[in-house]
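One structure below.
The values are calculated or read from the model by the stated rules, or taken from the named source; none is laboratory data. Everything quoted here is computed from the prediction, not taken from an experiment. Here the Cβ positions follow ideal geometry from the backbone for every residue, glycine too, while neighbour counts run over all protein chains shown. Calculation scope for accessible area: heavy atoms of the full protein, side chains included, ligands and nucleic acids excluded. Shrake-Rupley method; radii C 1.70, N 1.55, O 1.52, S 1.80 Å.
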Amino acid sequence: MAEQQRFPSLSGGRALVIDRASEMRAALGRGLAACGIANVDYVARVSDALARLNQSSYDIVLCEYDLGQGFDGVNLFETSQRHQLLKPSTIFMVITGERRLAQVMSAAELAPDDYLLKPFSGGELISRIERALRRKGRFRVIDDAVRVGDYLAAVSACDEVLAAEAPDAIEFRRMKGRLLAQVGEHSAARDLYRELLAERDAPWALLGLGRAQFSLQQYDEAQQCFERVKQENELVIEAYDWLARTMVAQGDPKTAQEVLQDAARRSPLVAQRQRALGGLAHRNGDLAAAEAGLAQAIELSRGSFWRDPATYGELARVQLERGDIGAARRTSTRLKHDFRGDAAADVLLQLVDAAVTEQMGGDSKLERDKARQKLKEACEQLETLDDVPAGVLLEAAHACYARRQRDQGEAFVRKALRSSHDDTELLARVEGLYQALGEPETGSSLIAAATQDILELNNEAVRAVQAGDLAGAAQRFVGALESLPGNVQVLLNAVHTILSLINRDGWNPQYMLLAEQYLARAKRLDPANGKTRQLIDAYRRTQRRYGVDAPGAAAAQAAAAAAEQGEGTDKAA
């Protein structure tokens, strides 16, 4: 009982234990009970751990380093951070026999809070939890803000602590850097990391600086940061991933592939890394490496919540390029199984089926006609869908170009670019498509045109805002989204303008409903976008300002307003 009194802030807390060994799970549970935590969930598999983290909010996560099949606890931590499954105050501790892990964790920008080396005593576990609690417990002041999406308030909470010159200020500066990146304030994050590096040589701060510079398209500076971290801390694989992205953005896919291959040798079981490696190898003509990387990416993400159907489409395309029809058909079967009910995946299935039919038919005109009809049906179906992922559109473009349907292929490329014109990896894949066709200038032209279209739209809206015509700017964005339904930047600009208009001129249920729908679409298309979080916060503050914060209130009011308007029209008639 005395031990429980040492942890009053954990009373009623919740913990997750992740370990394959039942006896270790029991031992860790006893240690948590000594800290006053009785509400403990236990899992043995990575997929179950992710499911739990996605459903519940935990105060402590104790995770075995070796989770089987090559997946480790640091991989799980990185995945949890990438998808915002952990509260800022959550203690994530890795249980390991790897003594070199301490070096890696101290250098990584996003690292677990502590590690416990085997063998250890119950008292040592309690001591480590107590130490982590002292360090992380003060982050609870920003938990509530983050939980409701008020990331700006979380940044302000960090500033309040820093203004008091607290002894743990470095931890709050580190947290502030993460928060600034999450809300898309990359210039402020860059300046913060520069200040930190002027005071101390911290590899995690150098990584943060590089990420901020990459987001600001300052690629030369970002490359220098990532190369330095890689040279001085060779086990911090995050630096390899970002260096490869930077090389792609600078037009050097071959070097990027070499960097990612080095990273994959050191840490092979990360789906995003294998997906990037497979795509780069395909672009570089290394079909064996492409198939291996894409297949591994699918296998690693198959049980997760963040699968991408376009990966299956590209894998089948690689397999057909290698002449392995059987492998392509098996990939198609897996796609059908893994994405039941997904309209975009159904289109990919048709595209793969058309390519398989054509390749199996050889010189048969009948089979070529069948394949052409299947492709036509797939393209027609794709035209009817909204919010199609850019990767799926690009796979459709590949299929059209392969069958000399240039106009349709170019239309899909344009649509993909207009959907994600600022996605450096997508731009690189478009460039790769046209380089393979021997028309690199066409790819450059399409990218420039898409970028210019979005720029002109934004400039028109900005001019309207500067002239005080918020209503006109909102109308421009709403109209543009009829032809750009999947462009996250335009979605967020539309929401920003709509909220500014409502906060100036008064409540408008129809516009608030549009803002809610646009935010939901943006979050679905780009879950990690910081500006989306920022605007969700602004949306909720606008609701509270007008006393309308019940779920679905905007939709109900918009429906009522529309019905009233319709009734008025009927009476007038």
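Could you pull out the residue among Leu192, Leu216 that is aliphatic (A, V, I, L, M) and open to solvent by 40 Å² or more (accessible area, probe 1.4 Å)?
When all the criteria are applied, what remains is Leu216.
Exactly one residue among Asp59, Asp66 is out of contact with any Pro (no Cβ under 6 Å at 6 or more places or on another chain) and open to solvent by 50 Å² or more (accessible area, probe 1.4 Å), and that residue is Asp66. Of all the numbered requirements in (1) touching a helix residue (DSSP H, G or I) at 6+ places or on another chain (Cβ under 9 Å); (2) open to solvent by 20 Å² or more (accessible area, probe 1.4 Å), Val183 misses one, and that requirement is (2).
Take Ala15 and tell me if it is assigned to a helix (DSSP H, G or I) and over 26 Å from Leu525 (Cα atoms).
no
Consider the range 273-299 and keep the residues that are polar (S, T, N, Q) and under 20 Å from the mean Cα position of the chain (by Cα). The one that is most open to solvent (accessible area, probe 1.4 Å) is Gln296. Taken over the range 303-328, the criterion of being open to solvent by 50 Å² or more (accessible area, probe 1.4 Å) and touching a Lys or Arg at 6+ places or on another chain (Cβ under 8 Å) is satisfied by Asp308 alone. Contact map, the range 519-548: residues that are free of Cβ contacts under 8 Å to residues at least 40 places away in the same chain paired with residues that are open to solvent by 70 Å² or more (accessible area, probe 1.4 Å) and not in a loop (DSSP other than H, G, I, E, B), Cβ distance under 9 Å, separation 6+ or inter-chain. Pairs shown: Ala522/Lys531. For the range 449-474, the tally of residues that are open to solvent by 20 Å² or more (accessible area, probe 1.4 Å), part of a helix (DSSP H, G or I) and either among the small types (Gly, Ala, Ser) or in contact (Cβ under 8 Å) with a residue 40 or more places away in the chain (or both) stands at 2. Pairs linking a residue in the range 11-39 that is more than 20 Å from Ser127 (Cβ to Cβ) and polar (S, T, N, Q) to a residue that is crowded, with 19+ Cβ neighbours inside 10 Å and at pLDDT 90 or above, with Cβ atoms under 8 Å and 6 or more positions apart or on different chains, are Asn39/Ala15.
Restricting to the range 224-272, name every residue that is of a type in the set (Asp, Glu), part of a helix (DSSP H, G or I) and open to solvent by 40 Å² or more (accessible area, probe 1.4 Å). Scanning the range 224-272 gives Glu227, Glu232, Glu258.
All conditions in (1) modelled with pLDDT under 85; (2) open to solvent by less than 60 Å² (accessible area, probe 1.4 Å) hold for Asp422, with the sole exception of (2).
Filtered by the rule that a residue be out of contact with any helix residue (DSSP H, G or I) (no Cβ under 7 Å at 6 or more places or on another chain) and closer than 16 Å to Leu320 by Cβ, the range 344-371 gives a lone residue, Gly362.
Scanning the range 329-342 for residues that are open to solvent by 40 Å² or more (accessible area, probe 1.4 Å) and small (Gly, Ala, Ser) gives a single hit, Gly341.
Matching residues to (1) in a helix (DSSP H, G or I); (2) surrounded by fewer than 16 Cβ atoms within 10 Å (Cβ to Cβ); (3) modelled with pLDDT of 85 or more:
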{"residue": "Arg25", "(1), (2), (3)": "yes, no, yes"}
{"residue": "Ile37", "(1), (2), (3)": "no, no, yes"}
{"residue": "Ser80", "(1), (2), (3)": "yes, no, no"}
{"residue": "Val94", "(1), (2), (3)": "no, no, yes"}
{"residue": "Met105", "(1), (2), (3)": "yes, no, no"}
{"residue": "Leu110", "(1), (2), (3)": "no, no, no"}
{"residue": "Tyr115", "(1), (2), (3)": "no, no, no"}
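The sole residue among Gln373, Gln381, Gln350, Gln408 that is open to solvent by 10 Å² or more (accessible area, probe 1.4 Å), assigned to a helix (DSSP H, G or I) and touching a Cys at 6+ places or on another chain (Cβ under 6 Å) is Gln408.
In the range 475-573, counting only helices (runs of 4 or more DSSP H) that sit wholly within it, the ones holding 2 or more residues that are at pLDDT below 80, open to solvent by 60 Å² or more (accessible area, probe 1.4 Å) and out of contact with any strand residue (DSSP E or B) (no Cβ under 9 Å at 6 or more places or on another chain) span 553-572. Every test in (1) over 19 Å from Gly137 (Cβ atoms); (2) among the polar types (S, T, N, Q); (3) touching a residue at least 60 places away in the same chain (Cβ under 8 Å) is passed by Ser80 save one, and that test is (3).
Residue check: Arg14 meets all listed conditions (1) open to solvent by less than 60 Å² (accessible area, probe 1.4 Å); (2) at pLDDT 85 or above but one, namely (1). In the set (1) among the hydrophobic types (A, V, I, L, M, F, W, C); (2) over 26 Å from Ala239 (Cα atoms); (3) buried (at least 17 other Cβ atoms within 10 Å of the Cβ), the condition left unmet by Leu207 is number (2).
Based on what the data block shows, is Gly303 modelled with pLDDT under 95, under 24 Å from Val270 (Cα atoms) and part of a helix (DSSP H, G or I)?
no
In the set (1) free of Cβ contacts under 8 Å to residues at least 40 places away in the same chain; (2) surrounded by 20 or more Cβ atoms within 10 Å (Cβ to Cβ); (3) under 27 Å from Glu516 (Cα atoms); (4) not β-branched (Val, Ile, Thr), Gly443 fails one condition alone, (3). Residues that are crowded, with 16+ Cβ neighbours inside 10 Å, within 20 Å of Leu86 (Cβ to Cβ) and within 22 Å of the chain's Cα centre (by Cα) are absent from the range 125-132 altogether.
Of all the listed residues (Ser267, Ser332), the sole one being of a type outside the set (D, E, K, R) and within 23 Å of the chain's Cα centre (by Cα) is Ser267.
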